[in-house]
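The values are calculated or read from the model by the stated rules, or taken from the named source; none is laboratory data. Keep in mind that what you see is a predicted model, and the values were worked out from it rather than measured. Don't worry about glycine lacking a Cβ; one is built from the backbone with ideal geometry, like all the others, and counts go over all protein chains shown.
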Amino acid sequence: MNGLIEVKKVRKTFPQNGGADIVALDDVDISFESTEFVSLIGPSGCGKSTLLRLIAGLIRQDSGTITLDGAEITKPGYERGLVFQDPTLFPWMTIYENIAYGLRSRGVYKTEKRRIPDFFKLVGLEGFEKSYPHHLSGGMAQRAALARTLVNQPKVLLLDEPLGALDAFTRMNMQDEIIAIWQKQRMTTVMVTHDVDEAIYMATRIIVMSARPAKIEQVITVEKARPRRRDDHEFLELRAEILRTPHFAGRECVSDESVKHNKLLGDET
């Protein structure tokens, strides 16, 4: 399958009306190895989601290169699937139609539709094919969003705080489900999260990013066997180590959303 992502000397700024450009990423250099599960953590609003969107091809960097298996990323592609915090399902479509949407838009539905039931089974939504998004709980809707992405068999799965809107109990269950899907599918997975415990519980490697402009502050390999316990000594030690990282709780940062909001209003930041 491959799925090697290489980010080299990447810089990304957001221009501001009436003020200096906001530097979101500055000289970021990192690789994501094929099939690994990486969590990006760091101060809120300081470039993690920006990096994810660059890898997805939704926006372009100012300088530097981002490649997937040696080919430069210049636009979105189905070999890179992105799941947001909100499920973003089409409310007028059934869950089956939502999951089939990617296959239809690629023009491969007739030849690939036989695989769709496998993905309902993979995410535990068998029996909900004819349901609509408003019939589902938050966790079930997020499973449907995952299936809609996974049906395209991406090399890379990008998760932008996919569990942030869920209650604590549902969130922990979804963590286990995403891990199980990753273990079965074995695609390179990069997840943005603000939850240090979630990063330790799920990832094979944790990238700690600094306050804006974001740089790579620390890279931590998580060698704990699965399933992991959140209350054991090694888990708590690693948590304390991450929280001691300089700037982890650093100065207030400007989020991508604030950048766009201020740009529209013409405010200075």
Which condition breaks for Tyr201 when tested against (1) in contact (Cβ under 8 Å) with a residue 60 or more places away in the chain; (2) closer than 30 Å to Thr245 by Cα?
(1)
Can you spot a residue in segment 93-109 that is farther than 23 Å from Glu177 by Cα and buried (at least 17 other Cβ atoms within 10 Å of the Cβ)?
yes
Mind listing whichever residues of segment 36-56 are polar (S, T, N, Q) and modelled with pLDDT under 95?
Ser44, Ser49, Thr50
If you scan segment 9-25, which residues turn out to be in a strand (DSSP E or B), exposed (fewer than 14 other Cβ atoms within 10 Å of the Cβ) and not acidic (Asp, Glu)?
Lys9, Pro15, Gly19, Ala20
Tally time: how many residues in segment 26-45 are outside any loop (DSSP other than H, G, I, E, B), in contact (Cβ under 8 Å) with a residue 60 or more places away in the chain and within 17 Å of the chain's Cα centre (by Cα)?
7
If a residue must be touching a helix residue (DSSP H, G or I) at 6+ places or on another chain (Cβ under 7 Å), of a type in the set (Phe, Trp, Tyr) and surrounded by fewer than 22 Cβ atoms within 10 Å (Cβ to Cβ), how many such residues does segment 27-86 contain?
1
Among (1) farther than 12 Å from Ala214 by Cβ; (2) in contact with a Gly (Cβ under 6 Å, 6 or more places away or on another chain); (3) not acidic (Asp, Glu), the one test that Pro43 misses
(1)
